[in-house]
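S.K.: Let me give you the structure first, and then I'll get to my questions.
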Amino acid sequence: MKNKNLFVYLAVSALLSPPLLSAQTKQVTITASVAEMLSLTVDATSVTFAFAAADYDITTGLATKEAVKATTFSVSANRAWRLSARAGNASFSFTPVGTAVDPVKPSSALAIRTGVAAYAPFAGVVEQTVSTGGRGGYGKAGNVIPVDYQMKSDLALDPPGAYLLTVTYTLVAQ
């Protein structure tokens, strides 16, 4: 009888108790928006060449100086990229010492290179590719670009004075 009463109690309790709910699920959609990112930094914004008398070949009157790793560019991007350079003018601006006349020194007297490549002189204001690369930060191989500069001078063409040429570097997505 005790078992029967227990059975009746359990049956009545089951009928009077609220029903057990089955499991319910809900979904949440996560959306992330990632903007295009291109970042270019440079460690130095000027390069100086000082030509002294001892730099010139006494027979030809020519001199060439190099500034190795004078500037280093760092790229961080989430797209493939291209870094280019162009001279701001077809010739250097000139501030004479004394009464020297502007020799109109062409931008091609300045050349750049990366790594062990040959120097590429500027051709007027024509843009030239410096480097290309892929997605990643500064730690990615190829995203840090040291640039070497080479400057030529000629005693027959370059009077004493200060020569100035601005080079513009541009980073674009490919």
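Matching residues to (1) within 15 Å of the chain's Cα centre (by Cα); (2) outside any strand (DSSP E or B):
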site: 28; (1), (2): no, yes
site: 31; (1), (2): no, yes
site: 34; (1), (2): no, yes
site: 44; (1), (2): yes, yes
site: 49; (1), (2): no, yes
site: 60; (1), (2): no, yes
site: 65; (1), (2): no, no
site: 73; (1), (2): yes, no
site: 76; (1), (2): yes, no
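S.K.: Would you be able to tell me the number of residues in region 133-170 that are exposed (fewer than 14 other Cβ atoms within 10 Å of the Cβ) and of a type in the set (S, T, N, Q)?
M.R.: Matching residues across region 133-170 total 3.
S.K.: For region 135-152, what are the residues that are more than 17 Å from residue 87 (Cβ to Cβ) and touching a residue at least 60 places away in the same chain (Cβ under 8 Å)? So that I can check it myself, show each step before the final result.
M.R.: So in region 135-152, the residues more than 17 Å from residue 87 (Cβ to Cβ) come out as 135-146.
Correct list: 136, 137, 138, 143, 144, 145, 146.
S.K.: Starting from region 49-77, keep only residues that are in contact (Cβ under 8 Å) with a residue 12 or more places away in the chain and over 15 Å from residue 130 (Cβ atoms), then list their pairs with residues that are assigned to a strand (DSSP E or B) and among the basic types (Lys, Arg) whose Cβ atoms are within a distance under 6 Å, requiring at least 6 positions of separation or different chains.
M.R.: Listed pairs, sorted by first residue: 49/65; 64/152.
S.K.: Please work out if residue 53 is surrounded by 11 or more Cβ atoms within 10 Å (Cβ to Cβ) and either at pLDDT 95 or above or in contact with a Ser or Thr (Cβ under 8 Å, 6 or more places away or on another chain) (or both). Don't jump to the end; show me each part of the working.
M.R.: Details: surrounded by 11 or more Cβ atoms within 10 Å (Cβ to Cβ): no; either at pLDDT 95 or above or in contact with a Ser or Thr (Cβ under 8 Å, 6 or more places away or on another chain) (or both): yes.
So residue 53 does not fit the description; no.
S.K.: Please tell me if residue 120 is under 21 Å from residue 155 (Cα atoms) and among the small types (Gly, Ala, Ser).
M.R.: Working: under 21 Å from residue 155 (Cα atoms): no; among the small types (Gly, Ala, Ser): yes.
Answer is no for this residue.
S.K.: Is it the case that some residue within region 99-107 is part of a loop (DSSP other than H, G, I, E, B), at pLDDT 95 or above, more than 24 Å from residue 138 (Cα to Cα) and among the β-branched types (Val, Ile, Thr)?
M.R.: Within region 99-107, one or more residues are part of a loop (DSSP other than H, G, I, E, B), at pLDDT 95 or above, more than 24 Å from residue 138 (Cα to Cα) and among the β-branched types (Val, Ile, Thr).
Each row is one residue, and each column tells you yes or no for (1) at negative phi; (2) at pLDDT below 95; (3) among the basic types (Lys, Arg); (4) outside any strand (DSSP E or B).
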site: 116; (1), (2), (3), (4): yes, yes, no, yes
site: 124; (1), (2), (3), (4): no, yes, no, yes
site: 131; (1), (2), (3), (4): yes, no, no, no
site: 140; (1), (2), (3), (4): yes, yes, yes, yes
site: 145; (1), (2), (3), (4): yes, no, no, no
site: 153; (1), (2), (3), (4): yes, no, no, no
site: 156; (1), (2), (3), (4): yes, no, no, yes
site: 172; (1), (2), (3), (4): yes, no, no, no
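S.K.: Right, next: Quickly run through region 94-118 and pick out the residues that are surrounded by 14 or more Cβ atoms within 10 Å (Cβ to Cβ) and either within 23 Å of residue 42 (Cβ to Cβ) or not aromatic (Phe, Trp, Tyr) (or both). Steps first, please.
M.R.: Let us first name the residues in region 94-118 that are surrounded by 14 or more Cβ atoms within 10 Å (Cβ to Cβ), namely 94, 102-103, 105-114.
The answer is 102, 103, 105, 106, 107, 108, 109, 110, 111, 112, 113, 114.
S.K.: Next up: For residues that are more than 14 Å from residue 82 (Cα to Cα) and either assigned to a loop (DSSP other than H, G, I, E, B) or in contact with a Lys or Arg (Cβ under 6 Å, 6 or more places away or on another chain) (or both), tally how many sit in region 158-170. If you could, list the steps in order and put the result at the bottom.
M.R.: First, pick out the residues of region 158-170 that are more than 14 Å from residue 82 (Cα to Cα): 158-167.
Next, from what is left, pick out any that are either assigned to a loop (DSSP other than H, G, I, E, B) or in contact with a Lys or Arg (Cβ under 6 Å, 6 or more places away or on another chain) (or both): 158-160, 163, 165-166.
Here the count works out to 6.
The values are calculated or read from the model by the stated rules, or taken from the named source; none is laboratory data. Predicted model only: the values in this text are computed from it and were never measured. Positions of Cβ are generated from backbone atoms using ideal geometry, with glycine treated the same way; all protein chains shown enter the neighbour counts.
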